1. If each residue of separation counts as 0.36 nm, what is the full-extension length gain between Asp134 and Tyr234 once their alpha-carbon separation is subtracted?
2. Any chance you could run the full-extension gain for Lys251 through Ile80? It's 0.36 nm times the residue separation minus the Cα-Cα distance, nm to one decimal.
3. Rounded to whole Å, give me the distance from the Cα center of the range 256-319 to that of the range 320-347.
4. Please go through the residue pairs Lys152/Lys320; Lys65/Lys251; Lys78/Lys150; Lys61/Lys232; Lys78/Lys331; Lys107/Lys152 and name each one whose alpha carbons sit more than 28 Å apart in this structure.
5. So, R0 is 45 Å and r is the distance between the beta-carbons of Val154 and Glu281; what FRET efficiency does that work out to, to 0.05?
6. Label Ser261 and Ser111 with points 7 Å out from Cα along Cα→Cβ: what is the distance between them in nm?
7. Modelling each spin label as a point 7 Å along the Cα-to-Cβ direction, I'd like the Glu328/Ala355 distance in nm, to one decimal.
8. At 7 Å along the Cα-to-beta-carbon direction for both Asn121 and Asp272, put a label point, then send me their distance in nm to one decimal.
Amino acid sequence: MAKFGEGDKRWIVEERVDGTNVHNWHWAERNCIEWSRSFLSSLLSGLTILDGEGGLAIRTKALDKLEGEAYVNIRKGKVIPGYELSLSLSWEGEARDSTAGGDPLVKVSGSVEVPYLADENAGEDPEVRITIRDDDGPVGRRIKDAFIAKGKPVVLEKLRAYVQAMAKGGPAMDELETKKPPSVVGKNQSAASPAAGGKTAPTASVAGNAAVATKEKKKTKEGFKNISLTEKFYCRARDIYEILMDENRWKGFTQSNARISKEVGGQFSLFDGSITGVNEELQEAKLIVQKWRFGSWPEGVHSTVRLTFDEPEQGVTIVKLTQTNVPEEDKYGNATVVENTERGWRDLIFHKIRAVFGFGM
């Protein structure tokens, strides 16, 4: 039992870099704003509204703005989404003169504004404003009216898809699916007894599938997975290398304590000691290889992080990350280690470096 006034740290609700939520006892809040930006962009960008019908061509271009907040709270499979967003989407259209060989008669551009998309109105369609920038003449108004008639229902359909995705857990959907108990059908099938006589004759396809599964298991150790990420930065390779190997810069963009040796064989400690490891191989502006682990991982478990830096053109650097032998569960039994580790690299390291040092998104 903990001392009076202290409490057991395993049960204290706090921000943890490893994302550990011991036995899922407390509500886990997931920040979903970057996931929402990516998901809404994939839903709304590059949609063909009209492709020559009535001499008009209209398509959406890109998600130009997303502001507000988005999160999901999860505890033992129960999902409570929360979001209040405003967004802006650009679009372009043109009218073609059918008597002049299909040449463009008028080209226009505009925007789609959704001023308020919120969980409190999840059962209602949000307000969608269609505006046009370039031409307010009769042809321009015709294109705008066509977008309102044909494009607005499409935009609303995509927004409903986002609302449904958030209701299912947003970026945590996959985690929730993996935690669902096996279906009764699956249990019955796995426990089914052989046919009369106790003899079964496995077919060639079943045997083949088993062989494939065996080969796949050999790629990674059982209970472990690998992570692969590719990130683009608008800087020189040496700049991003130096940031990752400099403890003062780590302290700056993570707002946490860090100790980093710049020598092969030297040790490092990140995020107030939550991550520790050893440098195995270092090539300035080219390669970092480290033994790397969270304090919440089972004792003696280390992964291998390999970061390569490629500068295909001056001022542009491609960072490729592979992290092998990441345990699927931590020492408390939480099965979110791989997801939390990948999200930590992306949101707490790479995105923070871009934001703080101005290397572009």
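What follows draws every value from the coordinates through simple rules; no lab data is involved. This structure is a prediction, so every number in the text was calculated from the model and none was measured. Positions of Cβ are generated from backbone atoms using ideal geometry, with glycine treated the same way; all protein chains shown enter the neighbour counts.
1. Numbers: separation 100, 0.36 × 100 = 36.00 nm, distance 3.26 nm.
Result: 32.7 nm gained on full extension.
2. Working: separation 171, 0.36 × 171 = 61.56 nm, distance 3.33 nm.
Separation in residues times 0.36 nm, less the Cα-Cα distance, equals 58.2 nm.
3. 15 Å
4. Values: Lys152/Lys320 40 Å; Lys65/Lys251 30 Å; Lys78/Lys150 37 Å; Lys61/Lys232 22 Å; Lys78/Lys331 23 Å; Lys107/Lys152 20 Å.
Check vs 28 Å cut-off fails for Lys152/Lys320; Lys65/Lys251; Lys78/Lys150.
5. For R0 = 45 Å, the calculated efficiency reads 0.30.
6. 5.3 nm
7. Output for this residue pair reads 3.3 nm.
8. Inter-label distance under the simple model: 3.9 nm.
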